[in-house]
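Computed from the coordinates by the stated procedures, all read-outs in this text should not be read as laboratory data. Just so you know, these numbers come straight off a predicted model, no measurement behind them. Every residue, glycine as well, gets a Cβ built from its backbone with ideal geometry; the counts of neighbours run over all protein chains shown.
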Amino acid sequence: MQVKHTHKIEYVHGYAADELERLVGSAATLETLLHSDVTYPAGSLVLEAGCGVGAQTRFLLKRSPGIRLVSMDIAFHSVQRARHAVGEMARFLQANVYAPPFSHNTFDHIFVCYVLEHLPDPLQALNTLKTLLKRGGAITAIEGDHGSAFFYPETQEGLEVWRCLQRLQLQTSGDGHIGRRLYSLFKESGATDIQITPLPVYCDPSRPEMMEGFADKTIVGMLNGIEHEVLARKMIAPEIWRKGIRDLLNLAASRDGIFMYTFFRAVAKYE
């Protein structure tokens with residue numbers, strides 16, 4: 001059966017150099033949290049669906065030595081950058097998650113990170129990917145949920161800036177709240193064994209490395225990447241945007257500043 005793949009996939013954060021650096025830095029900051037229980041036996045054939053610039057690829061290889069890793073992404077320039085960063089430790093190719101160029105029952109495991117949130121039809125993607133699994137294999141998916149974020153001191157401008165990210169993702173056919181939907185999506189795709197693990201990130205002045213690496217460089221960096229598009233769509237007044245960004249950056253300088261966000265990791269198996 002031929003899979004339809006007419007959906008247009010938009011990466012809301014763009015492909016500017018600053019965004020690519022943000023992805024790499026964020027992956028390093030969150031390695032222990034996101035990859036703590038993601039290991040595969042040596043010799044396993046693993047597909048990384050949506051590898052981007054290879055930010056997560058390095059940690060898949062580091063934590064599962066001896067795996068045979070195939071990493072694909074729809075963006076050719078991202079694949080090139082990933083190949084340059086990782087080298088021959090993985091096989092890289094350009095491919096669409098709705099129509100991957102592999103036979104059924106090919107992979108022992110599939111890893112998907114920060115991909116489903118950008119897809120107009122994540123269920124179709126899961127229905128396609130599950131056909132590539134060998135019997136007994138699993139799909140691991142990691143996604144954030146922008147609705148889980150809160151911060152203090154909280155300002156109206158800071159809240160409006162954060163809401164712009166959620167609204168923009170909806171307008172570009174994505175879902176910034178997809179973390180909370182992982183269980184239902186996998187259930188609807190036919191998975192029979194689904195394990196969901198919430199992965200909270202908490203930053204305060206006692207954790208300066210997290211405040212800088214996550215709140216500043218990851219969160220504010222992500223917002224900086226959408227500024228042009230948000231202002232072009234007149235979603236917020238420029239002065240409110242600038243004030244909101246300053247307020248979020250000032251969290252690290254405040255003795256009471258905190259930022260909280262939750263990722264979700266799903267591990268799903270199919271009979």
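Once the other residues with Cβ under 13 Å from the Cβ of V230 are scored (Lys, Arg +1; Asp, Glu -1), what is the net sum?
The answer is +2.
For the options A55, A149, A253, a Gaussian network treatment of the chain with springs between C-alpha atoms closer than 10 Å singles out A253 as fluctuating the most. Full extension of the chain between E160 and Q195 gives 9.2 nm of extra length, using 0.36 nm per residue less the Cα-Cα distance. Here the simple spin-label model places points 7 Å from the Cα toward Cβ, and for H77 and N127 these points are separated by 3.4 nm. In the chain, what percentage of the DSSP-assigned beta bridges are antiparallel, given to the nearest 5? Bridges in the chain that DSSP calls antiparallel: roughly 50 percent. How would segment 188-271 be classified by its alpha-carbon gyration tensor: rounded, prolate or oblate, with rounded meaning a/c under 1.5 and the a/b versus b/c comparison settling the rest? In terms of gyration-tensor shape, oblate.
Each of L119, L45 has some number of other Cβ atoms within 10 Å of its Cβ, and from fewest to most they run L45, L119.
In the chain, Cα pairs under 8 Å separated by at least six residues give a relative contact order of 23 percent. Charged neighbours of G136, selected by a Cβ distance under 9 Å, balance to +2 (K, R count +1; D, E count -1). Rounded to the nearest 20 debye, the dipole size of segment 17-269 about its Cα centre is 680 debye, using +1 on the Cβ of Lys and Arg and -1 on the Cβ of Asp and Glu.
Helix 238-249 and the long axis of the chain differ in direction by around 80°, with both axes built from C-alpha atoms. Residues considered: D247, D37, D121. Largest GNM mean-square fluctuation over the chain, using C-alpha springs under 10 Å, is found at D37. Between helix 76-86 and the chain there is an angle of about 80 degrees, using the helix long axis and the longest principal axis of the Cα atoms. When segment 17-269 is described by a simple charge dipole with +1 on each Lys and Arg Cβ and -1 on each Asp and Glu Cβ, the residue from I236, M72, A27 located farthest towards its positive end is M72. Using a 10 angstrom cutoff on alpha carbons, build the Gaussian network for the chain and name the most mobile of T128, T32, T140. Comparing T128, T32, T140 in a Gaussian network model of the chain, the most mobile one is T32. Taking segment 17-269 as the region of interest, the number of lysine pairs whose Cα atoms are within less than 15 Å, with members eight or more places apart or on different chains, is 4. For the pair segment 64-105 / segment 213-245, the C-alpha centres are spaced 31 Å from each other. Take the alpha carbon gyration tensor of segment 17-269, find the square roots of its eigenvalues, order them as a ≥ b ≥ c, and report rounded if a/c is under 1.5; if not, report prolate when a/b exceeds b/c, else oblate. Cα axes put segment 17-269 in the prolate bin.
Grab the other residues whose beta carbon is less than 9 angstrom from that of G43, score K and R as +1, D and E as -1, and report the net.
Once all neighbours under 9 Å are counted, the net charge is 0.
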